[in-house]
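Here is the structure we will look at, set down as structure tokens.
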Amino acid sequence: MQFPPYSYVTGRFPHPLRDAEGHAYGKPVVGAAPLDPADWRPCDAYCQAIDLFNHGFYWEAHEAWEQVWIALGRTGETANFVKGVIKLAAAGVKAREGRANGVQRHAQRAEQLIRLTAGLSKAGEQYAGLELQELIRISQALIRAPEEFVDRSDDPVKIVLPPLVCHG
């Protein structure tokens, strides 16, 4: 996968889609196939979003996961799980924007959605290749000390959140 030259942060870089200098300007938004949590690898957008997230491209990961969420019809167990990881990506965006309160708010919602998935899922400890308890731990760390994840640098890309480790 080729990564963009920067991870979008409001006010620091051109908007990827709306600005003529944006890294995705003029490119069509590609929809995603629905995600099957038991067979998640064929869902390219889901896997690409994990890659983007792990390399510090939180806005871009959010956008890719949003396409998966839309493909799932925005409702149901799997859609709620995807919305949870979207909220983790949103926390990363807020961390790059320097907004600790936004980090905390998005992490709280991520934790709620991931706990909901963990409570409903018959899949066990993993869901769509990710450890549910690890996602909850990441969310809780962001909730407890959001300022520790804030980075106001003008670096084009900065990894500020723990990585998501795929299993299976």
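What follows draws every value from the coordinates through simple rules; no lab data is involved. Quick caveat: nothing in here was measured; it's all calculated off a predicted structure. Quick reminder, even Gly has a Cβ in these numbers, built from the backbone with ideal geometry, and neighbours come from all protein chains shown.
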Lone qualifier among Phe53, Phe57, Phe81 - being buried (at least 23 other Cβ atoms within 10 Å of the Cβ) and in contact with a strand residue (DSSP E or B) (Cβ under 7 Å, 6 or more places away or on another chain) = Phe81
For the stretch 7-26, name all the residues that are touching a Gly at 6+ places or on another chain (Cβ under 6 Å) and surrounded by 19 or more Cβ atoms within 10 Å (Cβ to Cβ).
-> Ser7, Pro16
Are there any pairs, at least 6 apart or on different chains, whose C-beta atoms fall under 8 Å, with the first in the stretch 16-35 and under 16 Å from Glu60 (Cβ atoms) and the second of a type in the set (Lys, Arg), and if so, which?
-> Tyr25/Arg18
Would you please name the residue that is surrounded by the most Cβ atoms within 10 Å (Cβ to Cβ), looking only at residues in the stretch 122-167 that are in contact (Cβ under 8 Å) with a residue 60 or more places away in the chain and more than 19 Å from the chain's Cα centre (by Cα)?
-> Ala123
Index of the failed condition, Val29 passing every other in (1) among the aliphatic types (A, V, I, L, M); (2) in contact with a Lys or Arg (Cβ under 7 Å, 6 or more places away or on another chain); (3) surrounded by fewer than 19 Cβ atoms within 10 Å (Cβ to Cβ) | (2)
The one condition Cys43 fails out of (1) in contact (Cβ under 8 Å) with a residue 24 or more places away in the chain; (2) under 23 Å from Arg99 (Cα atoms); (3) touching a helix residue (DSSP H, G or I) at 6+ places or on another chain (Cβ under 8 Å) is (2)
Just for the stretch 66-93: of the residues that are among the charged types (D, E, K, R) and free of Cβ contacts under 8 Å to residues at least 24 places away in the same chain, which one is nearest to Val29 (Cα to Cα)?
-> Glu66
